[in-house]
Amino acid sequence: MRSAASAPGKVILFGEHAVVYGKPAVAVAINRRTTVTLEDSGEMRIDIPSLGISFTGESGTPAGGILDYIMRALELYHDGSPLRVRVDMEVPAGSGLGSSAALTVALIGALDAYHGREAGPDDTASRAHRVELDVQGAASPLDTAVSTYGGLIYLAPDRTVRRLSADLRDSLVISSTHRSGNTAEMVASVRERYERLPEVMSMIMDATEMITRTACRFILENNLEPLGELMNINHGLLDAMGVSTPELSMMVHEARAAGAAGAKITGAGGGGSIVAFCPGTAGSVAEALGRKWNTLRAEFSSEGVLHL
Ligand SMILES: Nc1ncnc2c1ncn2[C@@H]1O[C@H](COP(=O)(O)OP(=O)(O)O)[C@@H](O)[C@H]1O
Ligand SMILES: C[C@@](O)(CCOP(=O)(O)O)CC(=O)O
Ligand SMILES: [Mg+2]
């Protein structure tokens with residue numbers, strides 16, 4: 001028996017970290033996908049060639065890292081029979097592009113096909129979110145929702161997902177530091193600052209919410225012009241939360257100097273990537289950032305999880 005599924009990575013345009021505290025967020029799926037293939041096997045085996053991982057789960061072999069998401073999903077949604085799991089990742093791990101969510105959603109899609117289960121997107125997103133929660137200790141449904149539904153989405157405070165429509169073609173540039181961030185660690189560090197300075201952090205999260213709601217309103221009015229400035233303000237608030245680094249802020253300022261209308265951290269921060277909004281200037285921004293960092297002109301992806 002063989003089954004396979006793929007799911008996209010994502011960039012967060014507004015609201016990361018605040019979304020963990022019930023605030024809204026806006027994120028978009030990108031055409032970088034993770035594909036999971038399952039095959040009957042005599043032994044449990046997990047291969048992730050791009051990470052040099054070939055894990056057989058020998059007793060006592062530590063899992064760790066991205067394997068934790070796979071092991072948890074198998075615990076919850078597989079029957080324990082030996083399986084060969086192959087993961088092909090176009091979404092680099094720890095880059096703020098939702099590698100953990102893309103992998104988890106694709107794995108659940110492949111497991112459902114393997115077990116002959118029919119599951120709608122809401123159910124897939126919900127089960128994938130449970131895996132991220134269990135592994136990370138805290139996680140909003142944002143990343144797993146984007147990888148499941150695809151497209152440009154607004155995650156509302158009541159956790160409903162609204163599909164938005166905006167022409168972001170050739171407008172997004174993603175640049176990645178050489179240092180991966182770790183979502184679990186960054187989410188924990190924000191929580192610690194929140195516990196130390198609750199009134200201050202609560203206002204920062206409220207301000208982030210106002211930015212996200214304002215951005216959503218402009219997108220619904222098909223007015224994308226103000227988005228750059230709103231992204232810049234959002235980046236400043238992420239810096240205030242403590243998740244930026246000197247390198248990420250340098251990248252953001254270089255992107256703006258090269259013509260980006262706006263630029264900010266995408267994802268958990270502490271490493272990972274920035275996203276720049278560059279309508280009409282994507283070439284010059286990508287060229288400037290590409291001199292120092294891994295940079296790509298991301299294409300929007302309307303497709304979420306796909307059964308292959
Ligand atoms: N080289 C690697 N080998 C195995 N796991 C890795 C590697 N690099 C990062 N990881 C793990 O991959 C996961 C990435 O998920 P996350 O931290 O949510 O980042 P993102 O979702 O932004 O890609 C983390 O558990 C991290 O520890
Ligand atoms: C920081 C956060 O808002 C987004 C994390 O994004 P990523 O795992 O770094 O791609 C956490 C969450 O929403 O669960
Ligand atoms: Mg993640």
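The values are calculated or read from the model by the stated rules, or taken from the named source; none is laboratory data. Owing to the predicted nature of the structure, the values given are computational and were not obtained by experimental measurement. Here the Cβ positions follow ideal geometry from the backbone for every residue, glycine too, while neighbour counts run over all protein chains shown.
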| note | In the set G52, G96, the lone residue that is crowded, with 16+ Cβ neighbours inside 10 Å, within 12 Å of ligand 1 (Cβ to nearest atom), more than 17 Å from A128 (Cβ to Cβ) and not β-branched (V, I, T) is G96
| Scanning for something over 29 Å from I174 (Cβ atoms) and among the small types (G, A, S), does the range 61-79 turn up at least one residue? | no
| query | Hey, does the range 183-190 have a residue that's polar (S, T, N, Q), part of a helix (DSSP H, G or I) and away from ligand 3 (no atom under 14 Å from the Cβ)? | reply | yes
| task | Name the residue, out of G65, G22, G15, that is modelled with pLDDT under 95 and on the phi > 0 side of the Ramachandran plot. | result | G65
| query | Just to be sure, is D158 in a helix (DSSP H, G or I) and not assigned by TED's automatic domain parsing to the domain that holds G228? | reply | no
| task | State whether one or more residues within the range 113-133 are more than 10 Å from ligand 2 (Cβ to nearest atom), touching a residue at least 12 places away in the same chain (Cβ under 8 Å) and among the charged types (D, E, K, R). | result | yes
| query | Residue check, S171 against (1) under 15 Å from the mean Cα position of the chain (by Cα); (2) among the small types (G, A, S); (3) more than 10 Å from ligand 2 (Cβ to nearest atom), all met but one. Which one? | reply | (1)
| Search result, residues across the range 108-131 that are surrounded by 24 or more Cβ atoms within 10 Å (Cβ to Cβ), over 30 Å from D167 (Cα atoms) and under 16 Å from the mean Cα position of the chain (by Cα) | V131
| field | Residue list for the range 141-160, restricted to those being in contact with a helix residue (DSSP H, G or I) (Cβ under 9 Å, 6 or more places away or on another chain) and either modelled with pLDDT under 95 or of a type in the set (D, E, K, R) (or both) | value | D143, R159
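Please find, among A63, A93, the residue that is outside the structural domain of V187 (by TED's automatic domain parsing) and within 16 Å of ligand 2 (Cβ to nearest atom). Working first, answer last.
Values: A63 fails: within 16 Å of ligand 2 (Cβ to nearest atom).
Residue meeting the stated conditions: A93.
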| query | How many residues does the range 197-224 hold that are over 17 Å from A18 (Cβ atoms) and in contact (Cβ under 8 Å) with a residue 24 or more places away in the chain? | reply | 4
| query | Within the bounds of the range 82-102, is there any residue that is away from ligand 3 (no atom under 16 Å from the Cβ), within 26 Å of E185 (Cβ to Cβ) and without any contact (Cβ under 8 Å) to a residue 40 or more places away in the chain? | reply | no
| task | Among residues belonging to the range 136-162 that are among the β-branched types (V, I, T) and surrounded by 20 or more Cβ atoms within 10 Å (Cβ to Cβ), point out the one that is farthest from R213 (Cα to Cα). | result | T148
| said: I'd like the full set of residues that are under 30 Å from M241 (Cα atoms) and more than 13 Å from the chain's Cα centre (by Cα), limited to the range 21-69. | reply: Y21, G22, K23, P24, G64, G65, I66, L67, D68, Y69
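Looking only at the range 107-142, which residues are within 13 Å of ligand 1 (Cβ to nearest atom) and either assigned to a helix (DSSP H, G or I) or closer than 23 Å to V11 by Cβ (or both)? Please lay out each step first, then the result.
Residues of the range 107-142 within 13 Å of ligand 1 (Cβ to nearest atom): 128-129, 131-140, 142.
Hits for the range 107-142 are A128, H129, V131, E132, L133, D134, V135, Q136, A138, A139, S140, L142.
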| note | Residue hits (the range 242-261; farther than 17 Å from G290 by Cα and in contact (Cβ under 8 Å) with a residue 12 or more places away in the chain) are G242, V243, S244, T245, A261
| query | Which residue, of V87, V91, is within 24 Å of L142 (Cα to Cα) and outside any loop (DSSP other than H, G, I, E, B)? | reply | V87
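Under the condition of being of a type in the set (A, V, I, L, M, F, W, C) and surrounded by fewer than 21 Cβ atoms within 10 Å (Cβ to Cβ), which residue from the range 238-257 is nearest to ligand 2 (Cβ to nearest atom)? So that I can check it myself, show each step before the final result.
Restricting attention to the range 238-257, the residues satisfying the condition of being of a type in the set (A, V, I, L, M, F, W, C) are 238, 240-241, 243, 248, 250-252, 255, 257.
Adding the requirement that they be surrounded by fewer than 21 Cβ atoms within 10 Å (Cβ to Cβ) leaves 240, 250, 257.
Working: A240: 15, M250: 19, A257: 25 Å.
Here the residue is A240.
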